[in-house]
Amino acid sequence: MLKTTRQAVLAGAALIAFGFAADAGAQQTVKIGAVYPLSGNSASTGNYAKMAFEMGADIINNGDPELAKIFPLAKGGGLPGLKGAKIQMVIADNQGTPQAGANQTLRLITEEKVAALICCYQSAITVTASAVAEKYGVPFLNAESVAANLTERGFKWFFRTTPVAADFATAYLSFLKEQKAAGKKVDSIAIVHENTEYGNSVSSVISDAFTKGGLSVSMKVPYGANGPDVQPQVLQLKEKNPDVVIFISYTQDAILYAKTMKELNWKPAILIADDGGFNDPAFTKQMGPVTEGLISRSVFAQGKPGSVAAMMDALYKKKTGGDGLDDVSARVLQGFFVVADAINRAGSVEPAKVQAALKATDLKPDQLIAGYDGVKFDDKGQNILASTLVTQLKSSNYVAVWPKARATDPLVLPYKGW
Amino acid sequence: MTLVQVVIGGLLLGAVYALFSSGLTLIWGMMNVVNFAHGDFVMLGMYTGVVVWTALGGGPWASVPMAAILIATLGVISYFFLVRHIMKGPMLAQILGTFGLALFLRYGALYVFGANFKSLPDNLVGHSFVLGGIRFEGSRVLAAAVGLGVTLALHLILTRTAIGSRMLAVSEDATAAQLMGIRPQRMQALAWAMAGAATGIAGALMALFLPISPTAGESLAIVAFVTVSFGGFGSVTGALVAGLLIGVVESLSAYLIGPIYKEVIVYALFVLVLWFRPQGLMGKT
């Protein structure tokens with residue numbers, strides 16, 4: 001009898017001690033899971049994302065005095081809403097496959113017990129990984145996958161901060177209409193696109209949006225990617241001579257188009273390159289001198305000195321040893337701070353409270369790294385204030401030229417080229 | 001006028017196709033070996049152009065001979081260490097052997113040079129010029145001219161010289177040739193060296209106008225295989241005619257019908273030709 005009592009007391013003491021320890025632990029660290037391509041074809045992107053997460057956690061845990069003046073979460077000492085709990089990033093490798101992405105998500109939820117997930121870069125992996133999170137009821141934020149159907153699945157735990165193809169199309173539409181109002185000719189528009197899923201879908205979204213918005217796409221030139229010669233396409237353009245040309249291409253074709261347009265001495269008044277190969281550093285570095293004034297899009301522009309974006313960019317350069325934030329890493333870092341902000345406001349790591357806090361997210365542009373109009377989710381989990389900046393190539397660097405409120409440089413038209 | 005421009009563009013493209021296919025047809029015709037690493041030989045020739053430019057500041061006048069020597073050496077090494085041995089095995093061993101070599105070279109290049117695209121400045125050869133209202137791109141004209149020259153030289157060596165006769169003798173019957181005092185291995189190594197040199201030259205010239213990446217050889221190899229079987233296995237002049245034909249048909253169909261249809265038309269033509277002439281345009285039955 002005595003023995004049993006002693007055992008019970010011991011067990012009780014152990015339980016209490018364990019409970020305290022667990023409680024104290026919860027206050028000290030908040031685990032956030034991230035599942036990114038650290039190996040495989042997109043490993044380079046994944047590793048830049050990893051550095052963005054590490055930098056974000058470091059800002060919240062250890063602070064940055066300069067940034068703290070304009071960015072409340074940068075005061076250091078962890079999350080104020082959770083009595084200074086520190087953030088611990090648990091970053092797993094999705095290996096570039098939907099299967100591995102789902103498995104790692106499961107591991108982070110069941111073994112690492114993460115409070116929320118940020119995942120996965122590739123749309124196809126986001127599909128499978130978010131289904132796991134939905135099943136377990138863990139908040140899941142996607143910062144950069146643009147496939148339209150991701151927010152059409154009726155998920156309750158899925159949130160997406162990035163703009164999607166339709167947002168890009170809207171941005172181009174408003175941009176071109178503004179040019180038209182300013183007296184520029186935008187009557188004939190040609191879309192030149194590579195003919196896999198990427199080029200086909202983006203081109204049809206753009207032409208639908210343009211038709212609805214009152215601009216007409218008069219010419220579409222689909223082509224097979226990575227060929228050794230693009231002269232016939234450029235000659236077709238030269239003959240029809242459209243006012244505006246929009247390219248949707250990968251790097252190799254982007255370089256060839258730039259070279260061939262110069263060789264054949266033809267350029268439209270407005271040349272838009274929808275991100276893709278035209279934003280590849282290999283392109284801007286080597287073709288920049290012959291594509292001055294090329295228009296593209298990016299959610300990131302360094303912004304005015306002293307802004308959140310500019311300061312984050314400087315910190316990121318320090319972290320990576322020279323590479324600044326770009327279109328992808330800025331969206332990743334933005335995703336991280338949206339999650340951190342929600343957990344902070346929830347004051348808890350309980351999934352339902354974090355989910356409710358995410359739903360109530362309302363971030364203003366001056367608090368953002370990415371160039372969105374804000375962050376605010378609709379019922380489907382899509383950020384309705386996601387938008388993109390229109391950028392222009394200036395001395396081999398993209399600078400923001402539209403919308404005016406966030407432009408760092410004046411728009412220069414017509415397209416100069418070489 | 002635009003149509004003439006399209007045809008000229010096609011001819012220039014076709015001459016380049018012929019240039020980088022001549023090495024493949026030589027190996028194929030001489031030894032009945034399909035070199036799946038051919039496209040990656042071209043890719044290494046392209047990188048030779050990049051390295052000569054970035055490290056030494058040299059243009060094509062330096063990189064072309066350098067690439068010829070380097071890729072010829074690579075050809076001889078491949079012959080002695082790989083091809084000579086796998087030729088004794090079944091056909092499948094040859095295919096997988098050179099395919100393995102292709103992967104080794106491709107991922108070796110990925111390791112050494114990285115995955116990023118590189119391209120050379122476009123003023124190394126001089127800018128494009130206008131002649132009779134038609135624009136000519138300097139680097140493509142140079143590649144096409146050298147392509148014609150190299151193809152003709154290979155053809156003359158094979159048909160008009162003693163060494164060429166010996167090489168052809170080995171390709172017809174190695175044992176009989178050996179009985180006549182010809183060393184088959186030496187001739188075959190020579191064939192790999194010549195093929196390598198032509199391929200290296202092709203790569204170094206193509207680097208002047210095409211973006212360069214470790215996977216550049218992949219799509220080029222397919223074009224080379226088509227050109228060679230179109231022209232006739234082992235026929236250097238066949239590769240030239242087929243290359244020019246493919247180039248012009250591609251350009252015209254891309255311009256007149258649409259770029260996504262050009263492959264359909266080229267390959268339909270290819271199948272038709274093989275239907276009536278399975279040995280290719282200029283191959284022997």
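Laboratory data are not the source of any read-out in this text; all were calculated from the coordinates shown. Given the structure is predicted, the values throughout are model-derived calculations rather than measurements. Neighbour counts run over all protein chains shown; Cβ positions are idealised from the backbone, glycine included.
Odds and ends about this structure:
- Here the residues A:Glu134, A:Glu194, A:Glu152, ranked from fewest to most Cβ neighbours within 10 Å of their Cβ, fall in the order A:Glu152, A:Glu134, A:Glu194.
- ³J(HN,Hα) computed for each position of the range B:140-156 - Karplus, 6.51 cos²θ - 1.76 cosθ + 1.60, integer Hz, glycine/proline x: 6, 5, 4, 4, 5, 5, 5, x, 4, x, 5, 4, 5, 4, 4, 4, 5
- When the Cα gyration tensor is reduced to axis lengths a ≥ b ≥ c, the ratio a/c is 1.5 or higher for the range B:2-276, and with a/b above b/c it is classed as prolate.
- The angle between the Cα long axis of helix A:327-346 and the longest principal axis of the Cα atoms of chain A comes to about 30 degrees, rounded to the nearest 10.
- Of A:Thr211, B:Thr98, B:Thr227, A:Thr170, the sequence from fewest to most neighbouring Cβ atoms within 10 angstrom is A:Thr211, A:Thr170, B:Thr98, B:Thr227.
- For B:211-223, mean number of other protein chain Cβ atoms within 10 Å: 3
- Dipole of the protein assembly as shown computed with +1 at Lys/Arg Cβ and -1 at Asp/Glu Cβ about the Cα centre; of B:Gly196, A:Ala342, B:Gly238, farthest Cα towards the positive end is A:Ala342.
- Rounded, prolate or oblate (a/c below 1.5 giving rounded, otherwise prolate when a/b exceeds b/c) for chain A by Cα gyration tensor: prolate
- Between the range B:167-216 and the range A:218-283, the alpha-carbon center distance in angstrom: 37
- Among B:Ala202, B:Ala102, B:Ala239, the residue with the largest mean-square fluctuation in a Gaussian network model of chain B, with springs joining Cα atoms closer than 10 Å, is B:Ala102.
- By the rule of a C-alpha distance below 26 Å, with chain neighbours fewer than 8 residues away ignored, the lysines paired with B:Lys262 are A:Lys220, A:Lys238, A:Lys240, A:Lys259, A:Lys262, A:Lys267.
- Spatially proximal lysines relative to A:Lys50 (Cα-Cα < 17 Å; intrachain offsets below 8 disregarded): A:Lys31, A:Lys317, A:Lys318, A:Lys319
- Paramagnetic label zone (point 7 Å from Cα along Cα-to-C-beta, A:Ala269; backbone N under 11 Å) in the range A:188-223: A:188
- Angle between chain B longest axis and helix B:216-231 axis [Cα atoms, degrees, rounded to 10]: 70
- Mean residue ellipticity (222 nm) of the protein assembly as shown, computed from DSSP H runs ≥ 4 via -39,500 (n - 2.57), nearest 500: -18500 deg cm²/dmol
- If you sort the three axes of the alpha carbon gyration tensor as a ≥ b ≥ c, you get a/c of 1.5 or more for the range B:1-93 and a/b no higher than b/c, which makes it oblate.
- For the peptide B:252-261, the mean number of other protein chain Cβ atoms found within 10 angstrom of a residue's Cβ is 5.
- Highest-MSF residue in chain B out of B:Leu240, B:Leu92, B:Leu208 [GNM, Cα springs under 10 Å]: B:Leu92
- Ordering of A:399-410, A:122-133 by burial proxy (mean other Cβ atoms within 10 Å per residue, highest first): A:122-133, A:399-410
- Counting Cβ atoms of other protein chains within 10 Å of each Cβ in A:217-229 and taking the mean gives 5.
- With neighbours defined as other Cβ atoms within 10 Å of a residue's Cβ, the residues A:Leu235, B:Leu131 order from fewest to most as B:Leu131, A:Leu235.
- The longest part of chain B holding none of the exposed loop trypsin sites (Lys or Arg not before Pro), meaning those outside H, G, I, E and B in DSSP with at most 15 other Cβ atoms within 10 Å, is B:89-283.
- GNM flexibility winner over chain B from B:Leu256, B:Leu56, B:Leu179 (Cα, springs under 10 Å): B:Leu179
- Cross-link pairs A:Lys75/A:Lys113; A:Lys285/B:Lys118; A:Lys69/A:Lys304; A:Lys83/A:Lys353; A:Lys177/A:Lys285 - those with Cα-Cα distance over 19 Å: A:Lys75/A:Lys113; A:Lys177/A:Lys285
- Close amide H partners of A:Gly76, meaning residues 5 or more places away or on another chain with modelled amide H under 5 Å apart, are A:Gly63, A:Asp64.
- Set A:Lys86/A:Lys376; A:Lys185/A:Lys416; A:Lys135/A:Lys156 screened for pairs whose C-alpha atoms are more than 20 Å apart: A:Lys86/A:Lys376
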